[in-house]
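Down below is the structure, laid out as structure tokens.
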Amino acid sequence: MNNLILKVCTKVLFTPIILFGLYVQFHGDFGPGGGFQAGVIVAAAFILYAMVFGVDKCKIIMPSKLNFFLLVLGAFLYGFVGVVGLILGEPYLSYDLLGSNKQSGQHIGILLVEFGVGLTVCNVMICLFYSFANFKFGRNKND
């Protein structure tokens with residue numbers, strides 16, 4: 001794509017889109033938002049970048065191996081928070097034990113779980129985009 005205006009706008013908007021995603025992520029326990037919404041917003045920044053500059057250039061800033069690592073890390077973080085409760089004799093995803101009191105434990109647990117969800121959703125979306133970008137009209141471009 002050779003549209004200069006689109007390229008400049010994408011470069012200008014890339015970071016604010018990610019910052020907005022982080023705002024939605026960490027504001028989610030006080031209002032609308034959370035991990036899923038934030039993950040989709042952050043993934044949209046990378047997908048926009050890939051659509052304007054090409055998937056190969058996007059893979060420079062988000063390589064497939066890093067994408068997969070962050071995807072697994074998010075799922076692991078979610079699961080780990082749940083297992084901590086089991087190890088300490090509470091039900092799965094019981095957050096009360098994570099803080100000095102019940103309220104702070106709930107807050108910490110929700111933040112960690114939502115961050116894990118956000119990481120996973122963001123990187124699944126990017127991974128799906130990378131997978132579909134390698135195909136054109138149902139046929140592999142390399143064929």
Just wondering, is there one or more residues in the range 99-106 that are small (Gly, Ala, Ser), in contact (Cβ under 8 Å) with a residue 24 or more places away in the chain and out of contact with any strand residue (DSSP E or B) (no Cβ under 9 Å at 6 or more places or on another chain)?
-> no
Within the range 65-95, which residues are under 23 Å from Ser131 (Cα atoms) and over 13 Å from the mean Cα position of the chain (by Cα)?
-> Lys65, Phe76
Would the range 18-27 turn up any residue that is without any contact (Cβ under 8 Å) to a residue 24 or more places away in the chain, small (Gly, Ala, Ser) and in a helix (DSSP H, G or I)?
-> no
Residue check, Ala75 surrounded by 17 or more Cβ atoms within 10 Å (Cβ to Cβ) and assigned to a helix (DSSP H, G or I) = no
Collect the residues in the range 125-143 that are over 12 Å from Ile47 (Cβ atoms) and modelled with pLDDT of 75 or more, keeping them in residue-number order.
-> Ser131, Asn134
Filter the range 125-135 for residues that are hydrophobic (A, V, I, L, M, F, W, C) and under 17 Å from Leu48 (Cβ atoms); the one that is surrounded by the most Cβ atoms within 10 Å (Cβ to Cβ) is Ile126
Quick check, is Thr15 part of a helix (DSSP H, G or I) and surrounded by 13 or more Cβ atoms within 10 Å (Cβ to Cβ)?
-> no
So, in the range 1-12, of the ones that are in a helix (DSSP H, G or I) and not charged (D, E, K, R), which residue ends up farthest from Ile41 (Cα to Cα)?
-> Leu4
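The values are calculated or read from the model by the stated rules, or taken from the named source; none is laboratory data. All figures in this text were calculated on a predicted structure; none of them were measured in a lab. Cβ sites come from the backbone with ideal geometry, for glycine too, and all protein chains shown count toward neighbours.
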